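Shown next, in C-alpha cells, is the structure this report addresses.
The values are calculated or read from the model by the stated rules, or taken from the named source; none is laboratory data. From a predicted model like this one, the values you see are computed outputs, not experimental measurements. Note: ideal-geometry Cβ built from the backbone for every residue, glycine included; neighbour counts use all protein chains shown.
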Number of protein chains: 2
Amino acid sequence: MSSIANSRILFNSIPTGYPELGKTIVHNTSEQINVETVPLNGGILLKIIVLSPDPFQRNLMIPPSDEMFMPVYAIGEPIVGLAVAVVLRSENDAVNPGDHLHGFLPWKSYVVLPSAEGLSILDNKYGLPWTSYVGVLGLAGHTAWMAWKEYAKPRAGQTAFVTAAAGPVGSFVIQLAKRAGMKVIASAGSEDKVAWAKVVGADVALNYKTESTQGVLKKEGPIDLYWDNVAGESLDAALEAASVGATFIECGMASGYNTGHAPIKNLIKIIEKAITMNGLTVTLLYEKYLDEFYATVPKLVADGDIKHREEIYRGMDSVDEALLKTVRGAVKGKAVVIIAEQ
Amino acid sequence: MSSIANSRILFNSIPTGYPELGKTIVHNTSEQINVETVPLNGGILLKIIVLSPDPFQRNLMIPPSDEMFMPVYAIGEPIVGLAVAVVLRSENDAVNPGDHLHGFLPWKSYVVLPSAEGLSILDNKYGLPWTSYVGVLGLAGHTAWMAWKEYAKPRAGQTAFVTAAAGPVGSFVIQLAKRAGMKVIASAGSEDKVAWAKVVGADVALNYKTESTQGVLKKEGPIDLYWDNVAGESLDAALEAASVGATFIECGMASGYNTGHAPIKNLIKIIEKAITMNGLTVTLLYEKYLDEFYATVPKLVADGDIKHREEIYRGMDSVDEALLKTVRGAVKGKAVVIIAEQ
C-alpha cells in the first residue's frame, strides 16, 4: 500500500470573539502517511474514528501568554481534543490491534504515539455506538456523573436549577436530579432545547432568551442546588433565589467564554445564605470515580435509563462547523464527528 | 429612687455611603425610666454594660425594601446590636439578678424584656473583662473559631492568606492557622495593622494600600486557604494565586459594604482550580459549636494563648464615633463601648 493523505485539523489563527469558519481552524491534507510501513519505534499507530468538539476548546484558542489549565493551541499544528481511535498496529504490549482508545489526541486521521499512556482502553460490552464514548460516556458524562456524586448531596423534595440544560452535561444532570427525587428547573436558549429538557424530566423549563430567569426562579424556587454551566446573569439570579445552605456546582461559565465575563452583582449572597460553591475540574475526580463510572453508566445508557442525543457530523471537512456550533451553543445535544466507521 | 434618663441610640437617617457622625445615629435622652418600679409583667430588667459596634450593622442601615438577613433599622427607634448586660430585676426563673447576658439587644441603657430567650448567660469563670465577650469571645471570636473548625481543613506546611488581618476576626484566624502549622500571609490597611498581624504570628504581612497584593501572593504563594473579609481586588488576587483544590472561606466583603461591590474578574478560576468557596453565616454554626467554643476559648484567652486587642470607648456619647470607625475599618482591634463598669 502506498502513502495516503493524513488529514489534519490545524490551528490557523487566534479568534477575538467566536471562532470563524475557514479561518480559526483549517482542514489540511498535505501530510502523507504509509500506514503499513510508518516506523513505530516501539509505539502504536492509531486511526481516529470519532472526534469530540467540546466548548473547552475555545479556551485553548488563546495567546500563549494567557495559558491556563492546558497547553494552548500552536499556530500551524493540529489541534488537540477528545477522540476515539482504533489501534491499527502496536509494538507495545499494553495494547493490541483492534483495541479502541479514548482520550486527548491530535486531530488527524492517523496518529503515531510512543505508548497509550493517558488513554483509556474502551470495553464496549454493551455494543454502544463509539460516538457514545465522547458524549454521554465521555467528558460530558464524566462531568455530570462524577461531580454529582462528589458535590450534589441531593435530598428528595428539594429543588435543583440546571443551566445549559439541553446540553450533554445539563441533560444528564436533570436525569440524575430526577432520580434523586428533586424538583428540576431547567434553563436553555431555544424552544427545541426547552422541549428536550422536558423530555429528559425537567419539571419546569424556561427559554432564558424570552423569559426572565429571575422571575421563574422567584416563582418556582427557592433553589437548593444550582448546576452552573453559564455564569453571568443566570448565576446572579441563582444567588438571589438560593435557599440558606444551598450548594452551587460551578461546571462552566459559557456566557463569558467568547465575549468576556459579565460581572456578578450578587456574590455577597454566598455569605448571607451560607452557600457552598464548588468549582469543578472533572479530571481531578477521575482517580476516585472513573472505574465506578464505566462499571455503572454504560449499562444505564444501554438500558435507556439515561437518555442522550447526538448531532452527528461526518468527515474532517465538517469539524470546523461542528466545533463552531458547539462553541456557540448551537448544537442539539452532543456534537460528534464520525471520521471512520470502524 | 425617682425616674432617670434611659439613654438610647436612635437610628436617624439612611446613609448613602459611610454613616455620618451626628446624622446616621443619634444619642437621645428623652426617655425616662424608674428602674425600681418599672413593671416587668413576668419579664426581666437589664442594664447594658458593654456595646459591640460591628461592621454588619452597616447592612441594617438600609431601606426596608433592601432587607436581607435581619430586620433593618427603623428610623426613630433604637438600633439593635450585640451587647453584654447585667440582670437588675427578674420575674423569670431562668435568670437571676446579677447574671450577665450576651446577645442582640436594643442599644439603650436599660432594657425590659419578656424573657432571656435568644440571650446567653455568661459563665465568666476566668474573670475576663466583660468587653472580651463582645470581641474575642463574642461574634468575632465565634466567627473565626467556628468557621475554622467547619471549613478550613488545614494542613501543616500549607499556606493561608488572611485579609483584614488585624481585625478581631482576622487576627484570631492568623493564630488558628499558625497553631495548625501553616504559613500565613496577612493583608491589612495600615502600618500599625501590619505590625499587629506580625505580633500575632503572620509570616508575611502586607499593607494593601502601598503594596501589590497580587505581587506578594505571586512571590509567597500559591495559597491553599483564603480567609476573605473584604472581597474586591483581594479576592481576585486570591483566585489568581490559589492552588488546585484550594479552600476559600467567604466571611465578609467589607470592600463593598459602603461603596458598592467591585466586580470580580477571576471567578472562572474556581473552575480551573477546583476551588471550594464556603459562604459563612456564623449563627448557622452555633448549634454545632457554641458549647464547645465556650468550653475551650475562654481558657485560651485567659492563658494568653490567643492574643487580642481592643479599642475602648466609654459612654453612650461615644457610640457614634466607635461605630463609624468600625464601619470604616479605622479601629485598632475590636471596638468596644463601656456603658457601665458593672
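B:GLU20 meets the conditions (1) in a loop (DSSP other than H, G, I, E, B); (2) out of contact with any Ser or Thr (no Cβ under 9 Å at 6 or more places or on another chain) in every case but one. The failed one is (2). Select from the range A:180-222 the residues that are of a type in the set (Ser, Thr, Tyr) and under 22 Å from A:ARG155 (Cβ atoms) and list them in ascending order. Within the range A:180-222, A:SER187 is the sole residue that qualifies. B:VAL72: in a loop (DSSP other than H, G, I, E, B) and surrounded by 13 or more Cβ atoms within 10 Å (Cβ to Cβ), yes or no? Spelling it out, B:VAL72 is indeed in a loop (DSSP other than H, G, I, E, B) and surrounded by 13 or more Cβ atoms within 10 Å (Cβ to Cβ).
If the condition is being assigned to a helix (DSSP H, G or I) and not acidic (Asp, Glu), then the range A:30-66 contributes A:PRO55, A:PHE56, A:GLN57, A:ARG58, A:ASN59, A:LEU60, A:PRO64, A:SER65. Of B:PRO114, B:PRO78, B:PRO106, all but one fail to be modelled with pLDDT of 95 or more and over 22 Å from the mean Cα position of the chain (by Cα); the exception is B:PRO114.
Taking the criterion of being closer than 14 Å to A:THR163 by Cα, free of Cβ contacts under 8 Å to residues at least 40 places away in the same chain and either more than 13 Å from chain B (Cβ to nearest Cβ) or assigned to a loop (DSSP other than H, G, I, E, B) (or both), the residues of the range A:209-250 that qualify are A:LYS209, A:GLU211, A:SER212, A:THR213, A:GLN214, A:VAL216, A:ALA231, A:GLU233, A:ALA237. Out of all the residues in the range B:247-267, is one or more aromatic (Phe, Trp, Tyr), buried (at least 22 other Cβ atoms within 10 Å of the Cβ) and closer than 28 Å to A:LEU280 by Cβ? Yes, the conditions are met somewhere in the range B:247-267. Evaluate the range B:285-307: report whether one residue or more is within 14 Å of another protein chain (Cβ to nearest Cβ) and without any contact (Cβ under 8 Å) to a residue 12 or more places away in the chain. Yes, the range B:285-307 contains a residue that is within 14 Å of another protein chain (Cβ to nearest Cβ) and without any contact (Cβ under 8 Å) to a residue 12 or more places away in the chain.
Flag not set for B:VAL184, criterion: buried (at least 20 other Cβ atoms within 10 Å of the Cβ), out of contact with any helix residue (DSSP H, G or I) (no Cβ under 7 Å at 6 or more places or on another chain) and free of Cβ contacts under 8 Å to residues at least 40 places away in the same chain. If you go through the range B:267-284 and keep only what is in contact with an Asp or Glu (Cβ under 8 Å, 6 or more places away or on another chain) and either in contact (Cβ under 8 Å) with a residue 60 or more places away in the chain or more than 9 Å from every other protein chain (Cβ to nearest Cβ) (or both), you end up with B:ASN278, B:LEU280, B:THR281.
Among the residues of the range A:236-244, is there at least one that is under 14 Å from the mean Cα position of the chain (by Cα) and not polar (S, T, N, Q)? No, there is no match, as no residue in the range A:236-244 is under 14 Å from the mean Cα position of the chain (by Cα) and not polar (S, T, N, Q).
Could you tell me whether the range A:78-93 includes any residue that is loosely packed, with under 15 Cβ neighbours inside 10 Å and either under 23 Å from A:LYS334 (Cα atoms) or within 14 Å of chain B (Cβ to nearest Cβ) (or both)? Checked the range A:78-93: no residue is loosely packed, with under 15 Cβ neighbours inside 10 Å and either under 23 Å from A:LYS334 (Cα atoms) or within 14 Å of chain B (Cβ to nearest Cβ) (or both).
Each residue in the range A:145-173 was checked for being within 15 Å of A:VAL230 (Cβ to Cβ) and in a helix (DSSP H, G or I), and 5 pass. Does at least one position in the range B:299-308 carry a residue that is among the small types (Gly, Ala, Ser) and buried (at least 21 other Cβ atoms within 10 Å of the Cβ)? Within the range B:299-308 (the criterion being among the small types (Gly, Ala, Ser) and buried (at least 21 other Cβ atoms within 10 Å of the Cβ)), the answer is no, since none of the residues qualifies.
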